[in-house]
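Derivation of every value follows stated rules applied to the coordinates shown; laboratory data play no part. Computed from a predicted structure; not experimentally measured. Neighbour counts are summed over all protein chains in view; Cβ atoms, including those assigned to glycine, are modelled from backbone coordinates with ideal geometry.
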Amino acid sequence: MSREALIEALGQSQSMVQALVEQADEATYRGQFHPDLSPLGWHLGHCVYNECYWLHEKLRGDNSVTAPIADFYTPPRTPKPERGTRLPPRADLLLWAHEIQTYNLHYLRNLRAAQRAHPLLENDYLIHFLLQHNAQHYETMLMILTQKSLTEFRPQATASGHAALRAAPVQRDSVDIPAGHYRIGGERPAAYDNELPPLQADLGPFSINRRPVTNAEYLGFIEAHGYTDERWWHTEARAWLKTSQAAHPDHWRRDGEDQWHALGVRGAYALAADEPVSGLSHFEASAFARWAGAQLPHEYQWEAACRIGILEQTGRVWEWCGNSFQPYEGFTPFPYNEYSQPWFDGRHYSLKGGSLHTRPALKRPSFRNFFEADKRHMFAGLRLMY
């Protein structure tokens, strides 16, 4: 992608984030609809702050914009429950964001030669970085709106007359992958630090399903009392089940006709039998895999199968992998330590592929998402490996 095309894509990402706030009322703008998610407006302000931090504070040594707001928009410094009340008026934030982000695009288009020589701008790295950062927050903002829909759910309002979701047996539609050395990892300048350096993984033979687990297949697990059968849940997962009282995917609800629907950004919608299931924690994905006589793939196996064109329907749901999120050999944090390094803690697990809400800038085989095992507000499902 040319430099001008990258800047144009960055501008589009800015507009998409702004639009979600423009369309929100005051309660939505300030509301915290999930303990792990910040208010919608905070994400817009954080994206603007992040651009200014890298483009002006780091490249130019000018912190006149960032210093006054750093405590609020740097995640560890302000607890999530306090963020909504501290946001400026919505109209003021939108005007400020539009003016500064417009200027940031102008600045990138008119860099002087000395500025273009900065290491952060080598091969347009920083533009890739900012574009992907906005894309990640855009998807998180859609998670917020989905959680808002869940808080507003009323069963009588969702009866639709669509064919009811029926359970289906798990289909083994797997492909055998031979043992061998497979390339894993990303390429500069788009790759994040946790995708580097690329490596050759020595993988034994394995079989992996062509497509992710579907809604109908997952309903079979529910109807087989999968949530109450302790055989499928390890000790930590059983403790989570007891605390959470989970009995179905996070986004699923029964409607006024006692039929399953899902809740999304625009409210309730019918669950298509063959669509990938979404709204699962790692605990649920692992339990389903055990129940189905399978397992979750290691992310190396997932990426190898993706690169050779085996996997279908990638990018429809994030797919949990069986391994915890760990650095590749030779990992070097860049451009700052906190993006990846704190999460190599053995408690975060890798996800691959992307969801329907993931922007193209993030949909590559090497991209690594990561969450703790109990998180299920993301658009996450699974694929089986044997």
> Roughly speaking, what is the centre-to-centre gap between the range 246-312 and the range 350-386 when only Cα atoms are used, to the nearest Å?
Replying inline: 11
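With a cut-off of at most 13 other beta carbons within 10 Å, and DSSP calling the residue loop, which trypsin sites (Lys or Arg not before Pro) in the range 237-337 qualify? Please list them.
Working: sites: Arg238, Lys242, Arg253, Arg254, Arg266, Arg290, Arg307, Arg316; in loops: Arg266, Arg316.
Answer by residue number: Arg266.
Work out how much length Arg238 to Val265 would gain on full extension: take 0.36 nm times their residue separation and subtract the Cα-Cα distance, in nm to one decimal.
Numbers: separation 27, 0.36 × 27 = 9.72 nm, distance 3.02 nm.
Gain on extension, Arg238 to Val265, equals 6.7 nm.
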> Zone of Ala70 (label point 7 Å along Cα→Cβ, backbone N under 12 Å): which residues in the range 33-60?
Replying inline: 53-54, 57-58
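Which value in deg cm²/dmol, rounded to the nearest 500, describes the helix-derived mean residue ellipticity at 222 nm for the chain, given -39,500 (n - 2.57) per DSSP H run of n ≥ 4 and division by the residue count?
Working: 12 runs with 138 residues, N = 386.
One gets -11000 deg cm²/dmol as the mean residue ellipticity at 222 nm.
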> How far is it, in nm, from the label point at Thr102 to the one at Asp25 when both lie 7 Å from their Cα along the line to the Cβ?
Replying inline: 2.9
>> How large is the translational diffusion coefficient of the range 1-150 in µm² per second when you combine the Kirkwood radius over alpha carbon pairs with Stokes-Einstein at 25 °C and 0.890 mPa s?
In response: 155
>> If you average the C-alpha positions of the range 82-134 and of the range 170-243 separately, how far apart do those two centres end up, in angstrom?
In response: 36
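Quote the FRET efficiency, to the nearest 0.05, computed for Gln115 versus Arg172 with a Förster distance R0 of 56 Å and r equal to the Cβ-Cβ distance.
0.50
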> Calculated FRET efficiency, Met16 and Asn123, Cβ-Cβ r, R0 35 Å, to nearest 0.05?
Replying inline: 0.90
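Within 10 Å of each candidate Cβ there may be at most 10 other Cβ atoms; applying that plus a DSSP loop requirement, which GluC sites (Glu not before Pro) in the range 260-333 survive?
On the way: sites: Glu284, Glu299, Glu303, Glu312, Glu319, Glu329; in loops: Glu312, Glu329.
Sparse-neighbourhood loop GluC sites (Glu not before Pro): Glu329.
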> For Thr332 and Ala164, what does the FRET efficiency come to when R0 = 41 Å and r is the distance between their Cβ atoms, rounded to the nearest 0.05?
Replying inline: 0.20
>> If I model a spin label at Thr228 and Gln200 as a point 7 Å from the Cα along the Cα→Cβ vector, what separation in nanometres do I get?
In response: 5.4
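Taking the Cβ of Ala19 as the centre, find all other residues whose Cβ is under 15 Å away and add up their charges (Lys, Arg: +1; Asp, Glu: -1). Intermediate results must be reported in sequence, preceding the final value.
Numbers: positive: Arg90, Arg266, Arg359; negative: Glu22, Asp25, Glu139.
Residues near Ala19 contribute 0 overall.
Among the trypsin sites (Lys or Arg not before Pro) in the range 91-177, which ones are in a DSSP loop with at most 13 other Cβ atoms within 10 Å of the Cβ? Mind listing them?
Details: sites: Arg109, Arg112, Arg116, Lys148, Arg166, Arg172; in loops: Arg112, Arg166, Arg172.
Answer in residue order: Arg112, Arg166, Arg172.
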>> With just the Cα atoms defining each centre, how far is the range 6-26 from the range 31-69? Give it in Å.
In response: 14
> Just the Cα atoms of the chain, one point each, no solvent: what log10 I(q)/I(0) does Debye give at q = 0.06, 0.08, 0.10 Å⁻¹?
Replying inline: -0.25, -0.45, -0.70
> Okay, which of the range 17-44 sit inside 16 Å, backbone N to the point 7 Å along the Cα-Cβ direction of Thr78?
Replying inline: 29-33, 37-44
